[in-house]
Amino acid sequence: MAKETVSPIERHVEKGVLALTALLFVGVVVKYLISSPNTAIYNARNVGPAQIYETVADEGKDLRDKILGYHEKVELPGKPKPESPKIEVVMLPSPVLFGPAVPTMQIEQTSDIELMTVLPPGKPVIVSGRSGVVLTPSRLITTLPKPDPFAFYEKWNSSTRINESFIVTSNWITVAATFDIKAQSEQSRENGYPPGRAICYLAGAELQRRERNWDGTYGEWVDVKPYAPLVLPELPYLAVEEQGGKPFISDEMRDEIETFARLIQDVDYRLELMRPMPPPISYGDWWLYESFDFGELDLLVLDDEVLFGEELGNCPYWDRYPKAPKKRVSADNVEGRKLVLDEKLDELEVWLGQGCWEAAQGLILDLERADQYFTDKQRGRRNKLKERALAMQAKAEREARERKEQGLPDPLRDISPLQVVWAHDTLPDSVISGKTYQYHIRALLYNNFAGVTKELKNSKDAELILLVSEWSQPSDDISIPYDSRFFLVGKKERDQSAKVDVFKWHEGIWVKTSFEISVGDPIGGKDYVRIGGQKEKTLVDFSTGAILVDLDFNATCRGRRERRGEIIWGDPKATVSMVYLDSAGKLHERLLDLDKRSLAYKEMKAMAARPAKPKPGRQ
């Protein structure tokens, strides 16, 4: 068979096809693997398949932070609410080798926010006393198991018997100050904080005090460790590092700070962080929140605002604070019953003043059941309060119908721009009898950007968990009364000794005993004394910390009296002089004639002879 003639084109066409195929393959690789469309414009930059997972993951974490930090109710009254930020929900694509371009997720990126400056609290208000306090170890605030705060305070205020081994006689001081939470939130918004991060979470307060010297000057400020029944756990560790040229915080650190933030933001713990309860008191001066004077501010209202915000909360307001013990009134004590009924009518009037007509009607029913014990005057007052409660009910029901017909929501209350923070200086041997102090206080706020780096101008600010305010101005001076006093009341010149009466504050009352002392002896010591009507004597420590330095049996003194505004001095008379060194190392002198006739000595004798020893009991 003869060979067919093959043209040059036919002979080389397969090579050409192979060459074109190779060129086409190279073009596809360049186009689809190296350049667009397998890159996308993402926040004004091209992102390839190698970076897409990392980029999307970073933006997802940032979006999560924005969502977690967002709260619906963020604005305080008095200023219009800004529109809530619109968060666009988009599907996060997975990178593909071939196909359409990756869609762009638009999230506003800001990195110019500066941390707010925490405002200082107002001038502190101080309440003090001396009591037998029940000091038990502080409990850590934790997430699991979560205690019921109402049950916690009910147990705290219960009348169960105290373990007396925990009772410690101690001077105590509570330092309280107002904090302008509205101004702080406004400053945050001015700094560019998004609404969810402009909310202020008070995390407690720190205390310092200084002692006034004898010449009117003051010593250095020293830190005070405050008492609190519930405390925060140790602060998590945060460290901002660089990864790929960007600030980076590990997922483990983020998880820890989110858990910590939930503790501070939890409404069940916020009151205990801002205004921790004092230790329970067994005897002595009672801690009462009514002792604080903040003008028109009502602590019960402030508590209710923390718990319920703008919504109307408890009615009447929940009172979590300790109460002074009351004496029981027997059924045949007419005057005592009258006082109890007057107290109930006063309580009813307070409830109506708070608008609590429902709770008031329940109390009125209880009072009507006790009608036989009412006087005519009390009965008339009760009936007028009942009419007032019924009128309030009719008005409330009418307004509710009108709102329902008009499709209006339930009314919201105005929130106070101020809150109150306080701390207790009550640990044993912290506040010393006979000294004078000044205090100042500063507030601790949770940093809502803790663990969040991208929105901050300085990413290192994300390492700060608690922000600290400047110190407040100093409080007024507070002088702590002496817990022991002594007077020179006798002499034994033959023995070169003197007799002193020593008074000691013991378990809520003053007790007295006498000592004979010579030069070099301590003034006071331990002695058994009978307290009140007790048969058995009680061992009491009458130590004063003073030491007798000198006795002068040939001293003289001149009495004086005032007549028509003029001081008249008497003739010199013989007496005994006692020089002693006090616990602070200062020398003092006492004169027998003046001490025996002094008004202070008479008052101390009267107080020591008055009360019987109180039984331990809980506030």
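The values are calculated or read from the model by the stated rules, or taken from the named source; none is laboratory data. Keep in mind the model is a prediction, meaning the values are calculated, not measured. Note: ideal-geometry Cβ built from the backbone for every residue, glycine included; neighbour counts use all protein chains shown. Quick note on the areas: whole protein, heavy atoms, side chains included, nothing else; ligands and nucleic acids left out. Shrake-Rupley method; radii C 1.70, N 1.55, O 1.52, S 1.80 Å.
What distance in nm separates the simple spin-label points at ARG398 and GLU335, each placed 7 Å from Cα in the Cβ direction?
Going from the ARG398 label point to the GLU335 one covers 4.6 nm.
Which pairs, out of LYS338/LYS602; LYS123/LYS454; LYS435/LYS526; LYS182/LYS457; LYS225/LYS605, put more than 27 Å between their alpha-carbon atoms?
Numbers: LYS338/LYS602 36 Å; LYS123/LYS454 37 Å; LYS435/LYS526 24 Å; LYS182/LYS457 24 Å; LYS225/LYS605 37 Å.
Too far apart for the 27 Å limit: LYS338/LYS602; LYS123/LYS454; LYS225/LYS605.
Counting other Cβ atoms within 10 Å, keep those with at most 16, restrict to DSSP loop, and tell me which GluC sites (Glu not before Pro) in the stretch 438-518 are left.
GLU470, GLU493
Would you list which aspartates and glutamates come within 16 Å of LYS395, measuring only between C-alpha atoms, while excluding same-chain residues fewer than 8 positions from it?
GLU358, GLU387, GLU405, ASP410
Taking the Cα centre of each part, how many Å lie between the stretch 172-227 and the stretch 499-532?
42
Among HIS588, HIS440, HIS506, what's the order by accessible area (1.4 angstrom probe), most exposed first?
HIS588, HIS506, HIS440
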